[in-house]
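The values are calculated or read from the model by the stated rules, or taken from the named source; none is laboratory data. This structure is a prediction, so every number in the text was calculated from the model and none was measured. FYI the Cβ positions are ideal-geometry reconstructions off the backbone, even for glycines, and counts take in every protein chain you see.
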């Protein structure tokens, strides 16, 4: 085996482009804060029924899409009930703090499954007494659930039991991931009509999940669908099990409530009041606030509601009436489910139709500690693909908002990333942080049947940058996408292994065997188990420092196809990159690079610029994805080991992804923060 060169790390990686809820189990010291109950405002309440440029451009028309990938993932995590606690908290502060902002209670983490509903606000409150319920009837939602529920005076009609007397006495338990379906559960005590009590329980849960926070002037449309039930003359108990919760087409939930010996189906929908603006106007006008606040308490321009519609709903609601015709057909979209990694647009100064402008805009993404990717990654903190996806989605979003596809509105155009370069600036634990995404559109180039946009971007947390990069996206017609010639002008380029038969012995790393050890924290698991095995040629590859190869079957039912994108399924390029990361991690562990570390963890090394290039796409029908990695350098230091590599990925007969200086780092756990 050739000696591995030792170098000083110098640059790193990136790529990318959902939505849905996530519960959290509080572990707060039981506390009760007594609150003075304000007088109810004299206001009529709405009733609810109980019922890179030169090279890319030169080969543009024949080089297209880029959403890449890595292979199959294993089964999805089973939903399980979160354990309950004995916390009793009523918050009465009126300080304006936003969605995932400062001052949040510290919460114990039970991982949410991929695709779980992501609530618009979070609280440590898991039970409510009579005083808290009374506050909810007066619309004092932040006083009960905390400052993350502030709306700067919006939504005066949002309240509990707005059209009937309050008959709930207390809520003994409420959780976003509890219940038989893992979508939420509430237990309460009441006296009176079971159907009315069921409706009020549904309303409490809707407020708790923050479903109202994306509208400025709305009310709760609630209904119970049940046969006549006998009123409870004495205090009785009910249990609500959420059966669905979503933001599309309007924020809503459905539930089954067990009360009075009956099973009562209930629905609660947040509905805008007549004349209320819920999205951008003609020409992309953003001059009317739609109700959402940012992580710093300012008015947001677009919210999670708009992101959900852009991903899989009505694009007219998401971006304005000019985009309405894209609804229900294959078109440019952001991903959905657990791959939607932008929450709010906070600042934008562009003008729709003006495509020759450079402009800067900002957005936010809340990264809860219970997010599925923290649980499934072998990294100590956020996995590499999330860095790529959240930055690329944020950069692309408002470029698309300007309307490059509107120049040919009746031509089907699909979005693909073409490549870029990105660097991690510093290691930071992003759990329970709001990431600020600052993106800059550098150029837009219109071509027959397609268009190109280039961007740069910076991600920050707590006011300090931690990741930056640049990228190019293309919008391609079906014809342009059909001319897929890959990275080698349509010529077949074999893998190094195929081109060097018999050069060195090959050994296999069995990843499934490692995953069977539940105590092995250096494994990617569940949704992020992207590889099954890796063949290793020690001393092989382009640099003589080691070579890795694997082949993965593509299953059309793989979870990411339904996420990326709605009606246009391709493997996310970022998961292709993540597959290479995982191959490097497995090789590092198998080769003994962890042996001198007492408690090793994987992370993304800082100050190593990673470059990727995509010239094709992995489709559900492609059958296989082939991957090779050439170990480039292994650098030892006092704190750990950094490995860099180059890599390629093939669909059958065509090399379509090329990665340079992809890197991983191994350090002691205590040094990784």
**OP:** State whether the residues of the range 227-239 include one that is crowded, with 24+ Cβ neighbours inside 10 Å and either within 18 Å of residue 175 (Cα to Cα) or modelled with pLDDT under 95 (or both).
**Re:** no
Original post:
Within the bounds of the range 139-152, is there any residue that is within 20 Å of residue 252 (Cα to Cα), modelled with pLDDT under 95 and out of contact with any strand residue (DSSP E or B) (no Cβ under 8 Å at 6 or more places or on another chain)?
Top reply: no
Subject >> Hits in the range 586-607 (condition: surrounded by fewer than 21 Cβ atoms within 10 Å (Cβ to Cβ) and under 26 Å from the mean Cα position of the chain (by Cα)) >> reply: 606, 607
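Residue-by-condition table, conditions (1) at pLDDT below 95; (2) more than 26 Å from the chain's Cα centre (by Cα); (3) farther than 21 Å from residue 379 by Cα; (4) surrounded by 22 or more Cβ atoms within 10 Å (Cβ to Cβ):
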{"position": "578", "(1), (2), (3), (4)": "no, no, no, yes"}
{"position": "581", "(1), (2), (3), (4)": "no, no, no, yes"}
{"position": "656", "(1), (2), (3), (4)": "no, no, yes, yes"}
{"position": "659", "(1), (2), (3), (4)": "no, no, no, yes"}
{"position": "664", "(1), (2), (3), (4)": "no, no, no, yes"}
{"position": "672", "(1), (2), (3), (4)": "yes, no, no, no"}
Original post:
Which of the residues that make up the range 446-477 are outside any strand (DSSP E or B) and either on the phi > 0 side of the Ramachandran plot or in contact with a strand residue (DSSP E or B) (Cβ under 8 Å, 6 or more places away or on another chain) (or both)?
Top reply: 449, 462, 463
Original post:
For the subset of the range 138-169 comprising residues that are at positive phi and surrounded by fewer than 17 Cβ atoms within 10 Å (Cβ to Cβ), which member is farthest from the chain's Cα centre (by Cα)?
Top reply: 153
Original post:
Which is at pLDDT 95 or above and in contact with a strand residue (DSSP E or B) (Cβ under 8 Å, 6 or more places away or on another chain), of 282, 223?
Top reply: 223
Subject >> Output for the range 605-655, where each listed residue is touching a strand residue (DSSP E or B) at 6+ places or on another chain (Cβ under 6 Å), farther than 18 Å from residue 553 by Cβ and not in a strand (DSSP E or B) >> reply: 605, 606, 608, 615, 639
**OP:** Return only the number of the condition from (1) part of a strand (DSSP E or B); (2) buried (at least 24 other Cβ atoms within 10 Å of the Cβ) that residue 198 does not satisfy.
**Re:** (1)
**OP:** Could you tell me whether residue 165 is under 30 Å from residue 562 (Cβ atoms) and modelled with pLDDT of 95 or more?
**Re:** no
Original post:
Looking at residue 263, is it touching a strand residue (DSSP E or B) at 6+ places or on another chain (Cβ under 8 Å), part of a loop (DSSP other than H, G, I, E, B) and over 18 Å from residue 161 (Cα atoms)?
Top reply: no
Original post:
Just to be sure, is residue 431 over 18 Å from the mean Cα position of the chain (by Cα), within 20 Å of residue 386 (Cβ to Cβ) and either assigned to a loop (DSSP other than H, G, I, E, B) or not assigned by TED's automatic domain parsing to the domain that holds residue 354 (or both)?
Top reply: no
Original post:
Is the range 166-173 home to any residue that is in a loop (DSSP other than H, G, I, E, B) and in the same structural domain as residue 135 (by TED's automatic domain parsing)?
Top reply: yes
**OP:** Would you tally the residues in the range 563-604 being part of a helix (DSSP H, G or I) and touching a helix residue (DSSP H, G or I) at 6+ places or on another chain (Cβ under 7 Å)?
**Re:** 6
Subject >> Failed condition for residue 365, given (1) in contact with a strand residue (DSSP E or B) (Cβ under 8 Å, 6 or more places away or on another chain); (2) crowded, with 24+ Cβ neighbours inside 10 Å; (3) within 25 Å of residue 450 (Cβ to Cβ) >> reply: (3)
Original post:
Which of the following residues is outside the structural domain of residue 163 (by TED's automatic domain parsing) and surrounded by fewer than 18 Cβ atoms within 10 Å (Cβ to Cβ): 296, 303?
Top reply: 296
